């Protein structure tokens, strides 16, 4: 039987998303094909032509974009034994990555090819929509926390030991922050975070012990006080304006003096250079890099399935379902451009 596939195609860097047929691509060795049931929308999906030219100059068009997939496995490639057809899963679609650059691996289609080690089974109690919020920001948080060229922390476990050290998450209520907090707690670290006052309870529910208003004129002083004598083992800096105060906190506390920034660009590079003068090392996070090292399978294969099943980890932020069908994705992207807080836009497919 021939499987019919459809996708949202991006015709060019400045083009529109257009619904059209797409080939069904069987999985190669180490891959699976997933029937998409829900996708989440990320800022990456809303970038314009200039950002594509600067950050993704290698992408061939027409392209299929999107990274966050939840659905059912329909076919597995050679060597895949951990997963089977019919499994309910989430996966991180890496079709835009330079070493992949493959429309078959973009999320915004009915049948998507995924790397097996970036796929996690999900419990029956978790809906596709709820689970779809995880892949990209989970991966990005994991890169920042665990890769050796970033903070290099010990990997998360079920029932972690208390390490009596602190991780700072600047931007705790963001999608990335929501995952960074939970991962850090699952590695045994105390977490101090920033958020707006309306999101304090939400950030605490994820595991943050102290939450400081990032807009406070005394935010740096308050964070230093909240961290106290506990060594600051590392910082994840998320969002515009996050790096400079994160560097100031790291320079005033004992610990590793390492900051992993989720922002990139010339200004970030300049701030990172200046940070060296105060003994602070700044690295920049590229979420897709974990596909090529031990962090990817450690998170998606070894940790997340059991963490979700035992409720040690929860899909966060909350899924805000804003439409049904591939044709609803462009509208969801436009809504994202208007801003969201402590939630993630999701489309059911």
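The values are calculated or read from the model by the stated rules, or taken from the named source; none is laboratory data. This structure is a prediction, so every number in the text was calculated from the model and none was measured. Note that we place each Cβ from the backbone using ideal geometry, even for glycine, and neighbour counts take in every protein chain shown.
Listing for the model above:
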item: Single unsatisfied condition, residue 304 versus (1) in the same structural domain as residue 84 (by TED's automatic domain parsing); (2) within 30 Å of residue 250 (Cα to Cα); (3) in contact with a strand residue (DSSP E or B) (Cβ under 8 Å, 6 or more places away or on another chain); result: (1)
item: Which numbered condition residue 259 fails, given (1) out of contact with any helix residue (DSSP H, G or I) (no Cβ under 9 Å at 6 or more places or on another chain); (2) more than 23 Å from residue 112 (Cβ to Cβ); result: (1)
item: The stretch 27-61, subset in a loop (DSSP other than H, G, I, E, B) and surrounded by 15 or more Cβ atoms within 10 Å (Cβ to Cβ), residue farthest from the chain's Cα centre (by Cα); result: 27
item: Residue among 112, 126 that alone is over 27 Å from residue 264 (Cβ atoms) and more than 14 Å from the chain's Cα centre (by Cα); result: 126
item: Test: residue in the stretch 137-149 that is over 24 Å from residue 281 (Cα atoms), assigned to a helix (DSSP H, G or I) and modelled with pLDDT of 95 or more; result: no
item: Answer residue from the stretch 236-283, given it is part of a helix (DSSP H, G or I) and under 17 Å from residue 153 (Cβ atoms) and is nearest to the chain's Cα centre (by Cα) among those; result: 246
item: Criterion (surrounded by fewer than 17 Cβ atoms within 10 Å (Cβ to Cβ) and more than 30 Å from residue 54 (Cα to Cα)) met by exactly one of 204, 252, 244, 274; result: 252
item: Entirely in the stretch 170-235, the helices (runs of 4 or more DSSP H) that have 3 or more residues that are within 22 Å of residue 281 (Cα to Cα) and either free of Cβ contacts under 8 Å to residues at least 24 places away in the same chain or out of contact with any helix residue (DSSP H, G or I) (no Cβ under 6 Å at 6 or more places or on another chain) (or both); result: 175-186, 219-227
item: Boolean, residue 155 is on the phi < 0 side of the Ramachandran plot, in contact (Cβ under 8 Å) with a residue 60 or more places away in the chain, surrounded by 20 or more Cβ atoms within 10 Å (Cβ to Cβ) and within 19 Å of the chain's Cα centre (by Cα); result: no
item: Within the stretch 312-344, considering residues that are assigned to a loop (DSSP other than H, G, I, E, B) and without any contact (Cβ under 8 Å) to a residue 60 or more places away in the chain, the one surrounded by the most Cβ atoms within 10 Å (Cβ to Cβ); result: 340
item: Residues satisfying the stated conditions in the stretch 287-311, i.e. surrounded by fewer than 17 Cβ atoms within 10 Å (Cβ to Cβ) and more than 17 Å from residue 182 (Cα to Cα); result: 292, 293, 294
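Okay, residues lined up against (1) in contact (Cβ under 8 Å) with a residue 40 or more places away in the chain; (2) within 22 Å of residue 347 (Cβ to Cβ):
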| site | (1), (2) |
| --- | --- |
| 48 | no, yes |
| 69 | yes, yes |
| 86 | no, no |
| 91 | yes, yes |
| 97 | yes, no |
| 101 | yes, no |
| 110 | yes, yes |
| 126 | yes, yes |
| 142 | yes, no |
